[in-house]
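The values are calculated or read from the model by the stated rules, or taken from the named source; none is laboratory data. Remember, it's a predicted structure, so these values are computed and weren't measured experimentally. Here the Cβ positions follow ideal geometry from the backbone for every residue, glycine too, while neighbour counts run over all protein chains shown. Calculation scope for accessible area: heavy atoms of the full protein, side chains included, ligands and nucleic acids excluded. Shrake-Rupley method; radii C 1.70, N 1.55, O 1.52, S 1.80 Å.
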Amino acid sequence: MDSFSNLPNQHIALQIQNLTKRYDDILAVNNLSINIYRNEILGLLGPNGAGKTTTISMICGLLPPSAGSIIFSDYGVKNQKLLIGYCPQENIYYPRLTCMEQLQFIGLMYGMTSKEVQERANELLKLLGLHDRANEKAVNLSGGMKRRLNICLAIIHNPQILVLDEPEAGLDPQSRVLVRDFIKEFGKNKTVILTTHNMDEADRLADRIAIIDHGCLLMSDTPQNLKKTIGEGDILEVIVENNDNIGFINCAKQLSMHFVNVKTNANSILIKNPGIIEHLSAIKNMADNFSLTIKEYKLRENTLEDVFIHLTGRSLRQ
Amino acid sequence: MKTFHIILKSLKEQYRNYWVLLLTLCLGPFFIFVYYLITETSETRYDILIINTDNGIYEHGQQVNHGKNLHTFLTSEKQETTPAFFIFNEIKNKQEGIEKLKNKQADALIVIPESFSQVLSASKRGDSTNLTTVEFIGDLTSADYMISAVWVNEMLNEYIFKNTTVKKIVTVQETPLGLSSKISIFDMYVPGILIISVIMLMFTATIAFISEVEQKTIIRLKLSKLSAVEFLIGTSFVQLIIGIISVVLTLITAVLLGFKYEGSLFILLVVASLTSLSIISFSLIISALTKSANEVLVVGCFPMFLFMFFTGAAFPLNSKTLFTIASYPVTVPGLMTPTHAISALNKTLIMNMGFSSIMPEIFSIIALSIIYFVVGAFIFKRRHLRLT
Ligand SMILES: Nc1ncnc2c1ncn2[C@@H]1O[C@H](COP(=O)(O)OP(=O)(O)O)[C@@H](O)[C@H]1O
Ligand SMILES: [Mg+2]
C-alpha cells in the first residue's frame with residue numbers, strides 16, 4: 001500500500017515507533033509509527049490540533065514522548081544535534097540583531113568556524129532572497145522575510161534533516177515561491193519533514209504525505225497514489241454533440257462495464273473513477289465505436305481534500 | 001456601562017494572572033514579616049567593652065578599686081533602672097578591643113585610667129586638684145556607639161557624684177575609630193549607594209537571561225551545541241562588566257561631590273566585582289522562576305527591596321543574629337551579599353582597614369554567590385534549557 005515501504009533500510013533517515021504524547025486529558029499523538037527516508041520530503045497533513053507540531057517537537061527533542069521512540073540512522077555524525085534543523089511554526093529570531101549577525105551567531109553555536117559560517121550565511125541569504133537585507137535588523141523585516149530568515153537559521157549548520165512547521169502559513173506569494181523552490185531543492189538530497197494543513201501545499205511540495213488526525217496516522221503515500229486510490233476518484237464529464245439515443249445509451253452501458261460509477265445526463269456521460277485520465281483514449285475509442293462526436297471533456301480531479309474527507313468523514317478546512 | 005465591562009475584563013485578567021496578583025498583594029505583608037524577623041525577634045543590645053587599668057588605693061585599711069566598682073555599678077544599675085540593653089565585658093588589651101569595635105562585635109570601648117581611684121579618693125577628701133580622664137573609643141558614625149557612650153557617661157557622672165559628691169573631676173576623652181570623626185553623613189551613605197548601583201544589576205541581568213526565554217530564541221540555543229554553562233557564563237560576563245562600570249561611575253560622581261575615602265580602589269573593585277557576580281547569580285534564580293520581563297518586574301521587587309532596604313544599602317541598619325554557624329553569626333541580612341559588601345566597604349573606605357580584615361565578608365560573599373548560582377542554574381536549566 002505504501003509505495004515507500006519497499007525501500008531498503010539504508011535509505012531510512014529516522015524511524016518513529018509507537019510515538020505517543022499525552023497532555024493531562026488530551027492524547028495529542030497516538031501510537032504513531034512511520035519510517036522517514038533520506039532524500040524525501042514528507043508532508044504531515046492534518047487539520048489544526050491534529051498533533052503535527054507535537055510530533056515534530058518530539059522529533060527535534062524539544063518535547064519528551066510519553067511513550068514510543070525515535071531512532072535516527074547512523075549518519076556518522078558525532079553529535080546528533082548537528083543532524084536536525086528546526087524551523088518552528090512561529091518565527092524565532094533575535095529582533096535586535098541583523099540577519100547576518102544572528103546567522104553567524106547561531107552557526108558559531110553549532111561549532112562552525114567563523115569562515116565557514118560567513119560563507120554559509122551569505123549563500124543562504126542569497127538562496128532565500130535576503131542578501132540585500134543582510135545588515136537589516138530582524139525586527140524591521142516583513143513577515144515573509146522573517147519566515148525566510150527563520151529557515152536560514154534552521155539550516156545554517158547544514159543539517160541532514162530539516163523539520164519545518166507550517167512553512168508556508170501566512171506567506172505572501174513572492175515568499176511562498178522562494179520558500180517552495182528552496183524546500184524542493186533542499187529535499188533533493190536531504191530529508192525534509194514539513195507540516196501543513198494546506199493540501200495544496202502538501203500536494204505540490206511533498207514526495208509523500210502522511211495524513212494525521214486526532215494524533216493518529218491514517219495513511220501515508222505519495223500524493224498521486226493517495227488521489228488515485230482513495231476517495232471516489234476523478235469525475236469525467238463527456239459532453240457529446242449528436243446524442244442519437246441508441247448509440248449514446250449503448251456507449252454508456254459499455255462504459256459502465258469498465259468503470260465503477262457511470263451516469264447519463266441529457267447530452268453527457270458522467271464517469272467517476274480514480275485515475276480516469278489514463279483511460280481517456282479508451283473512452284474516446286468507445287465513443288467513436290458508437291459514432292458519438294465528443295464536444296468537450298470536463299474533468300474534476302480527485303484532490304487530497306477528497307482523500308481526507310474519505311478517511312475522516314470531515315473536511316480538512318472544517 | 002462600558003466602564004463596567006472594562007472592570008469586569010480587567011478583573012478577569014488580573015485573576016487569571018493570579019501569580020503576579022498574589023505577589024503584588026503579598027509584598028507589603030512580606031516586608032512586615034521580614035522587618036519583624038530583623039528587628040523584633042532579638043532584643044536590642046549594646047556591647048560595651050571595659051578596660052580597667054585603675055591601680056586602686058589603700059583606704060581605711062582596705063584595698064579599694066573604683067574602676068572595678070564602677071563596672072559593678074554599671075552592671076547593677078542596669079538591672080534596676082534600665083532594661084537589659086547594655087552588656088559589659090571586661091577585656092585586658094586595648095588593641096583587641098579596637099579590633100572588636102572595627103568588626104562590629106562591640107559598640108564602645110571604655111578605658112578607665114590608672115589614677116581613677118586615686119583621684120576619686122583625693123576628691124572625696126576635698127582635694128580636687130588632680131583630674132583624670134576616661135577614654136571612650138568608638139565609631140562616631142554608629143548610632144549604637146552614641147547610645148552606649150551617652151549612657152556610660154551618664155552613669156559615670158552618677159557614680160562619681162555618689163562617691164565624692166563632686167562633679168567634674170573626670171573628663172571624658174572620645175577617640176574616634178578610623179575616619180569616623182572626619183566623615184560626613186554623606187560619606188557614610190556612599191558605601192551603601194555604591195552597592196545599590198550593583199544591586200540594580202538585578203533587573204538587567206534577569207532580563208538578559210529571561211529575554212532568551214521570552215523571545216523563544218532559547219529553543220535555537222537548546223538545539224545547538226551550546227552548553228548551559230557556556231550560556232550562563234557568557235551572559236553573566238556582560239552583566240559583570242555593566243556592574244563594574246556602574247560602580248565606577250557612582251564612585252566618580254560621589255568623589256566629584258566631595259566624598260573622601262581611605263583604603264584602596266583595588267579592594268573596592270574586588271568587592272564590587274564579587275557582589276556583581278552574586279547579584280547576577282541571584283538574578284538567575286529570579287529568571288528561573290519567571291517566563292517574561294513583565295513577570296520579572298513584579299517578582300524581582302521582592303529581592304530588590306530586600307537587598308536595598310535590609311542590607312544597609314539604602315540606610316544604615318543594625319541587625320541581630322538569627323542563628324550561628326560555626327560561631328559565625330547568621331542574620332537575615334547576612335543571607336544577602338550586599339550586607340557583607342557594605343560592611344567590607346565601610347571597613348576599607350571609612351575605617352581604613354586592610355584587606356585581611358574583610359576576609360570574613362569576602363568569604364561570605366563568595367559562599368553565598370555559589371549557593372545562589374547553584375540553585376539558580378539548577379532551576380534555570382530544568383525549566384528553560386532542558387532537551388530530551
Ligand atoms: N502544552 C500543551 N498542553 C496541553 N495540550 C497541548 C499542549 N500542546 C498541544 N496541546 C494539544 O495537543 C493537540 C495537538 O496540538 P498540536 O500538535 O499543536 O497540533 P497541530 O500542530 O497539528 O495543529 C491539540 O489538541 C492541542 O490543544
Ligand atoms: Mg501546529
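Odds and ends about this structure:
- Remark: spin-label model distance residue A:80-residue B:371 equals 3.9 nm, labels positioned 7 Å along the Cα→Cβ axis.
- Seen against the Cα atoms of chain A and their longest principal axis, helix A:99-109 is set at about 70 degrees.
- Relative contact order (percent, whole number), region B:171-316, Cα cutoff 8 Å, 6+ residue spacing: 46 percent
- Chain B: relative contact order as a whole-number percent, Cα under 8 Å and 6+ apart: 17 percent
- Of the listed residues B:86, B:33, the order by accessible area with a 1.4 Å probe, largest first, is B:33, B:86.
- Within the assembled protein chains, the solvent-accessible surface assigned to residue A:177 is about 80 Å², based on a 1.4 Å probe.
- Stokes-Einstein diffusion of chain B at 37 °C, 0.692 mPa s viscosity, Kirkwood radius from Cα pairs, rounded to a whole number: 135 µm²/s.
- Span-rule helices in chain B, defined as complete DSSP H runs reaching 20 Å or more along the axis (Cα) with Kyte mean at least -1.0: B:2-16, B:18-39, B:143-164, B:185-199, B:228-256, B:265-289, B:359-384
- Note on surface exposure: B:120, A:311 rank A:311, B:120 by accessible area, highest first, 1.4 Å probe.
- Close amide H pairs (under 5 Å, H built 1.01 Å from N) link residue B:50 with B:89, B:90, B:91, B:110, residues at least 5 positions away or on another chain.
- Under 13 Å from the Cα of residue B:94 - aspartates and glutamates, other chains or at least 8 residues apart: B:135
- Counting only Cα atoms, region B:242-283 measures 33, 18, 11 Å along its principal axes, largest extent leading.
- Largest to smallest accessible area among A:314, A:180 [probe 1.4 Å]: A:314, A:180
- Legend: calculated FRET efficiency, residue B:245 to residue B:266, from the Cβ-Cβ distance at R0 = 25 Å, rounded to 0.05, equals 0.90.
- Of all DSSP beta bridges in the protein assembly as shown, antiparallel share, percent nearest 5: 55 percent
- Area of residue B:141 that stays accessible when all protein chains are in place (1.4 Å probe, Å², to 10): 40 Å²
- Helix content alone sets the calculated 222 nm mean residue ellipticity of the protein assembly as shown: runs of n ≥ 4 DSSP H residues at -39500 (n - 2.57) each, divided across all residues, give -15500 deg cm²/dmol.
- Gain on full stretching of the segment that runs from residue B:382 to residue B:305 - 0.36 nm per residue minus C-alpha separation: 25.0 nm
- Estimated inter-spin distance, residue A:188 and residue B:157, nm [label 7 Å along Cα→Cβ]: 10.2 nm
- Alpha-carbon geometry of region A:169-264: the Rg and the Dmax are 20.4, 58 Å, given in that order.
- DSSP beta bridge pairing in chain B, given as percent antiparallel to the nearest 5: 35 percent
- Contact order for chain A, expressed relative to its length and based on alpha carbon pairs under 8 Å spaced 6+ residues apart, stands at 20 percent.
- Pair-distance profile P(r), taking every C-alpha pair of chain A, with 10 angstrom steps and integer %: 6, 23, 26, 20, 13, 8, 4, 1
- Tilt relative to chain A, helix A:173-186 - C-alpha long axis, 0 to 90 degrees, to 10: 80 degrees
- At R0 = 41 Å, FRET efficiency that the Cβ-Cβ distance of residue B:4 and residue A:137 yields, to 0.05: 0.45
- Coil-residue GluC sites (Glu not before Pro) of region A:209-246, DSSP, other Cβ within 10 Å capped at 15: A:232, A:241
- When the alpha carbon coordinates of the protein assembly as shown are projected onto the principal axes, the ranges are 159, 58, 49 Å, largest first.
- Modelled FRET efficiency - R0 35 Å, residue B:131 with residue B:76, Cβ distances, 0.05 increments: 0.85
- Entries of A:146/A:228; A:52/A:115; A:126/A:228; A:78/A:188; B:68/B:347; B:2/B:216 with Cα pairs more than 27 Å apart: A:146/A:228; A:52/A:115; A:126/A:228; B:68/B:347; B:2/B:216
- Of the residues A:200, A:172, A:132, the one that moves most in a GNM of chain A with alpha-carbon contacts below 10 Å is A:132.
- Rg followed by Dmax, in Å, when region A:1-151 is reduced to its Cα trace: 18.0, 50
- Close amide H pairs (under 5 Å, H built 1.01 Å from N) link residue A:212 with A:45, A:46, A:218, residues at least 5 positions away or on another chain.
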